[in-house]
Amino acid sequence: MTQQQQRIAVLGAGPMGLAVAYQLALDGHKPVVFEADDRVGGMTATQDFGGLDIERFYHFHCTSDVALLQMLDELRLTDRMRWVATKMGYWYQNQLQPWGTPFALLSFKGLSLPAKIRAGVHAFLCIKRNDWKPLDRLEATGWLRRGVGNEAFEVLWRKLFELKFYEHTDKLSAAWIWSRIRRIGRSRYNIFKEKLGYLEGGSATLLQGMKAAIEARGGEFRLSTPVQQ
């Protein structure tokens, strides 16, 4: 190992840990990845379901995921991505309503017309915006409430935040939720049709590809090895 090369510990083999280890390996270092689980992937890992590998959580990819698409190309996995037109629904007042297009928003039963227009304008501005730094200093739910108004926030957003983040609901950066709105909003065939990507074989295709690339460059994985302070 040369003086420039270093043997560097990476804690966790989830997507972030794998990305760090992958870049270290590309830069000529020898990452050693420690993972408490018996497999790589973290929340993107798969589990055996009667002989079928099923992802622990649902994941999709967007056309705006430039870094991911570049990595797939580097790993020669581009042909494993399947782009499909998807449909979205919103369950409200015991009814599944169409969602995800301007027409769906205008026909949504549960918001006044001014609230619909305000929510639509806010989404449009999020999609067009590129500068995230000012938003990073703002709290997400307050920023959303100011943007879409109280009515749309209460109907469309409040329960989503509370059921996902519980006591951490008011501790999130507005830059985070803006990036989610922008990411989905830009991944479309056109204004009326959403376009999302799914890897053939699920996230395991990418995870195993990254693991193999890291190991091929001298990296190591120590699974079932929790790190204690």
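Coordinate-derived values only; no laboratory data. The model shown is predicted, which means the values in this text are computed figures rather than measured ones. Counting neighbours? That spans all protein chains shown, and the Cβs are built from the backbone with ideal geometry, glycine included.
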Using the C-alpha atoms of segment 84-195, what convex hull volume per residue, in cubic angstrom, is computed? 104 Å³
Would you mind calculating the relative contact order of segment 84-195 from Cα pairs under 8 angstrom and at least 6 residues apart, reporting the percent as a whole number? 34 percent
Sparse-neighbour loop sites [trypsin sites (Lys or Arg not before Pro); segment 39-104; at most 13 other C-beta within 10 Å; DSSP]: Arg56, Arg76, Lys87
Using only DSSP helix segments of four residues or longer, with each worth -39500 (n - 2.57), what per-residue ellipticity at 222 nm results for the chain after dividing by its residue count and rounding to 500? -11500 deg cm²/dmol
To two decimal places, what compactness ratio does segment 130-229 give when its Cα radius of gyration is scaled by 2.2 N^0.38 Å? 1.52
I need two numbers for segment 42-105: Rg to one decimal and Dmax as a whole number, Cα atoms only, in Å. 16.4, 46
Take every Cα pair under 8 Å in segment 8-133 that's 6+ residues apart, average their separations, divide by the length, and report that relative contact order as a whole percent. 12 percent
Quick check: residue separation of Tyr166 and Arg137 times 0.36 nm, minus the Cα distance between them. What number comes out in nm? 8.4 nm
Relative contact order, percent, the chain [alpha-carbon distance under 8 Å, six or more residues apart]: 34 percent
Run the numbers for Tyr189 and Gln93: contour at 0.36 nm per residue of separation, minus the present Cα-Cα distance, in nm. 31.5 nm
How many angstrom lie between the C-alpha centres of segment 167-229 and segment 1-76? 9 Å
What does the charge count near Thr46 come to, summing +1 for each Lys or Arg and -1 for each Asp or Glu among other residues with Cβ under 9 Å from its Cβ? -1
By the scheme Lys and Arg +1, Asp and Glu -1, what is the net charge of all other residues having a beta-carbon under 13 Å from that of Asn150? +2
